[in-house]
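Scroll down for the structure; my scribbles are underneath it.
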Amino acid sequence: MACSCDNSCELEALKKSQSKTLIAVMWINIILFIVEVSIGIWSHSTALLADSLDNLGDSLTYGLSLYAVYRGARAKAMVSLFKGGLILIAALFVLAQVIAKTMTPVVPVSSAMMIMSVVAFCTNAYVLYLLTRHKNDDINMNSVWHCSRNDLASNSSVLVAGLAVWFTQSAVPDILIGLALSLLLLWSAGTVLLRSFRALKAADDTELTEAEPITPATTSQHKPAETLVTLTPLKK
C-alpha cells in the first residue's frame, strides 16, 4: 500500500527498523541465555545464574517490545510496565539465590565465570550497539535499551567476581556480586516502572481529552442564530 504522505512513510520505515532490530537481539539473547545458564549451573556460580536470568528476561522483553511496535501509546506503556515487573521478579530471584548461597556456600569454577562473562560482554555490547539508534524513539524502545545497558554492567561484575574467586578461592566474591546485581536490577525495575506509570497516565489523559464531550459553551458558537419573532396586536 502506498503511503499517503511523507510522515506516514517515515513512521512505517521506523517501525520496520525497530521490528528487525528487536527480532535480531531477541534471538541473540535466547542463545546467550541457554549457554550461560548451562555454564552457571555447572560452575555453581550465583553471579552467572543471575546474569543468565537477566538474559532470559531480556528475551521476553524484546518479544513484548516487538508486539508493542505497531500499537498505540497506551499499549506501549502497558508493555513497558510488564517489563518493569519482569525485572523486579528477576531481582527478587537473585536475592533468594544470594541468601541460599550464603547459608550453604560453594566455591564456583572461576575460569568458567571469566570466560563466559567475556563472551557475554562482547555479545551484549553488540546488542546495545544495535539498540542505541532506537533508544529515543519511544518509551517502548527506551525501556529495552535500559535492559541492555544493565547487561554490560552485569557481565563486567561477573568478570570481576571470577577474578576475585580465583584469587581468594572463596565463594564470597560470587555472593557479593550476586547481591550487587540484584540491587542493580531493583534500581532498573524502579526506573522502568516509574516511567511506565507516567506514560500510562499521559496516554489515559490524552484518551480522556479526545473523548471529552463538547460543552454547550462550545456548541453555541456553531448554532445558527435564533430568530426573534415579535407579535403585534391585531387592529380592531
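The values are calculated or read from the model by the stated rules, or taken from the named source; none is laboratory data. Remember, predicted model here, so these are calculated numbers, not experimental data. With ideal geometry, Cβ positions are generated from the backbone for all residues, glycine too; neighbour counts draw on all protein chains shown.
Among the helices (runs of 4 or more DSSP H) lying completely within the stretch 124-236, list those that include at least 2 residues that are farther than 29 Å from V25 by Cα and at pLDDT below 75.
172-211, 216-219
Would you point out which residue out of L53, L32, L22 is under 21 Å from the mean Cα position of the chain (by Cα), among the aliphatic types (A, V, I, L, M), at pLDDT 85 or above and closer than 18 Å to A125 by Cα?
L32
Condition (residue is touching a Ser or Thr at 6+ places or on another chain (Cβ under 9 Å), buried (at least 24 other Cβ atoms within 10 Å of the Cβ) and over 21 Å from W145 (Cβ atoms)) applied to the stretch 50-71: is it met by at least one residue?
No.
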